[in-house]
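The block underneath contains the structure these notes are about, expressed in structure tokens.
The values are calculated or read from the model by the stated rules, or taken from the named source; none is laboratory data. All figures in this text were calculated on a predicted structure; none of them were measured in a lab. All Cβ positions, glycine included, derive from the backbone under ideal geometry; neighbour counts span all protein chains shown. With ligands, DNA and RNA removed, areas are computed over all heavy atoms of the protein, side chains included. Shrake-Rupley method; radii C 1.70, N 1.55, O 1.52, S 1.80 Å.
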Amino acid sequence: IVIVYYGVKNVKGKAVLITGCDTGFGHALAKHLHKLGFIVFAGCLLKGAKKLEEFHSDRMKVIQLDVCSEEQVKQAVEYIKDNMEDSERGLWAVVNNAGVSTFGEVEFTSIDTYKEVSEVNLWGTIRVTKAVLPLIRRAKGRVVNLASMYARMGNVMRSPYCISKYGVEAFSDCLRYEMKGWGVKVSIIEPGNFIVATGILTRDIVASTANKLWNEAPSNVKEDYGKAHFEHHMGLMRSYCNSGHKDVAPVMDDIADAIMSKRPYSRYTPMEPRWWIRLQLMTHLPDLNKPLQIQDLKLTKITRHINNPVIYT
């Protein structure tokens, strides 16, 4: 696929805030946008800050940013204002990438876990967006929110994650309508399976999460479901650890397009063909009592955008 960026020809002096730059998509995106010429404010919990600081570039500015902290978000905004080349031009874009994931059936998942996941994925996105919107409006810039393919379709054992990402979709759509009059574009990125590329799920993570789920589950739930049922589902999660895309480039390209295109898409769907088709079926067909499974699709290429759904076999 050949990517062509439209609209933003000169990125000189344009600044972008990215959250969750310690690892995964955020870390890769900070380096990618820096390479394209943007001033990058890379929000980290400091785990991955050292590697970004080694750029020794006046266009790579690493800031400590916990999206769950009102105080740190406020401090980050003040830092951005003080370190932009021209604060009157505003902040060109914010990419709300910071996120966490977990798994577990509903009856095995605590209320605290639901709250913890949404605190980062949903409320963190809202908190950061609200804080920088005055700067984004001044620049007539972009808001780019990382959701997921699970932001528009549910799956077993993923309810805490799905709930938080469904919320990101709703927030983004509402914000898009409100920002139209200000000239601000709002886009959602819905990545598919990038487990291998990001390392977001490992066998060690599965093991520790499984122990927590089983140990904290009520005794009647453990008795009703049984250990065999539980272990079967944990085995399925372990099998996912080596699955998915091995390269984050499709996501980087879509985010860059959302930031740089004159007419960015509302949604970008960087994912494997079989997941894209499953998403279309699950969101357009009547609800099914039996979860839809699509296996062994012999498709070699598919467009990245739902707005132009052409399939090549």
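Please report, as a whole percent, how much of the solvent-accessible surface of the chain comes from carbon and sulfur atoms (probe radius 1.4 Å).
So the carbon and sulfur contribution to the accessible surface is 52 percent.
Checking the table Lys14/Lys61; Lys61/Lys185; Lys31/Lys180; Lys50/Lys81; Lys81/Lys180; Lys35/Lys185 against a 18 Å threshold on Cα-Cα, which pairs fail?
Lys61/Lys185; Lys31/Lys180; Lys50/Lys81; Lys81/Lys180; Lys35/Lys185
Whose amide H sits under 5 Å from the amide H of Val186, counting only residues 5 or more places off or on another chain, with H placed in the peptide plane?
Long-range HN contacts for Val186: Val143.
Mind giving me the FRET efficiency for Glu54 and Lys115? R0 is 41 Å, r the Cβ-Cβ distance, nearest 0.05 is fine.
0.70
Per 0.36 nm of contour for each residue apart, how much would the distance between Leu46 and Glu231 grow if the chain were fully extended, relative to their Cα-Cα spacing?
63.1 nm
If I build a Gaussian network model for the chain, linking alpha-carbon pairs within less than 10 angstrom, which residue out of Thr113, Thr283, Thr102 has the largest mean-square fluctuation?
So, out of Thr113, Thr283, Thr102, the one fluctuating most is Thr283.
Quote the charge dipole size of region 93-190 about the Cα centre in Debye, to the nearest 20; the model charges only the Cβ of Lys and Arg (+1) and of Asp and Glu (-1). Don't jump to the answer; show the numbers that get you there.
Numbers: 13 positive and 9 negative charges, 162 e Å.
Taking the Cα centre of region 93-190 as origin, the dipole is about 780 debye.
Can you tell me the Rg and Dmax of the chain, counting just the alpha carbons, in angstroms?
Taking only Cα atoms of the chain, I get Rg and Dmax of 20.0, 63 Å.
So, counting K/R as plus one and D/E as minus one, what does the shell of residues with Cβ under 15 Å around Asn220 add up to?
Values: positive: Lys222, Lys227; negative: Glu105, Glu107, Glu216, Glu223, Asp224.
Residues near Asn220 contribute -3 overall.
So how much slack lies between Lys35 and Leu285, counting 0.36 nm per residue of separation and subtracting their Cα-Cα distance, in nm?
Using 0.36 nm per residue and subtracting the Cα-Cα distance, I get 85.8 nm.
Rounded to the nearest 20 debye, what is the charge dipole size of the chain about its Cα centre when +1 sits on each Lys and Arg Cβ and -1 on each Asp and Glu Cβ?
Result for the chain is approximately 1240 debye, rounded to the nearest 20.
Under a 1.4 Å probe, what is the accessible area of region 66-155 per residue, stated in Å²?
Using a 1.4 Å probe on heavy atoms only, each residue of region 66-155 averages 42 Å².
What is the gain in length, in nm to one decimal, between Glu70 and Lys180 on full extension, counting 0.36 nm per residue of separation less the C-alpha to C-alpha distance?
Details: separation 110, 0.36 × 110 = 39.60 nm, distance 2.68 nm.
Length gained between Glu70 and Lys180: 36.9 nm.
Using r as the Cβ-Cβ distance of Glu216 and Trp123, and R0 as 25 Å, what FRET efficiency do you calculate, to the nearest 0.05? Please report the intermediate quantities before stating the final value.
Values: r = 23 Å, r/R0 = 0.93.
After rounding, the FRET efficiency stands at 0.60.
Considering only protein heavy atoms, what per residue accessible area in square angstrom results for region 179-265 with a 1.4 angstrom probe?
For region 179-265, the solvent-accessible area averages 51 Å² per residue.
Using the charge dipole of the chain (Lys, Arg: +1 at Cβ; Asp, Glu: -1 at Cβ; taken about the Cα centre), state which of His34, Val168, Thr129 has its Cα farthest towards the positive end.
His34
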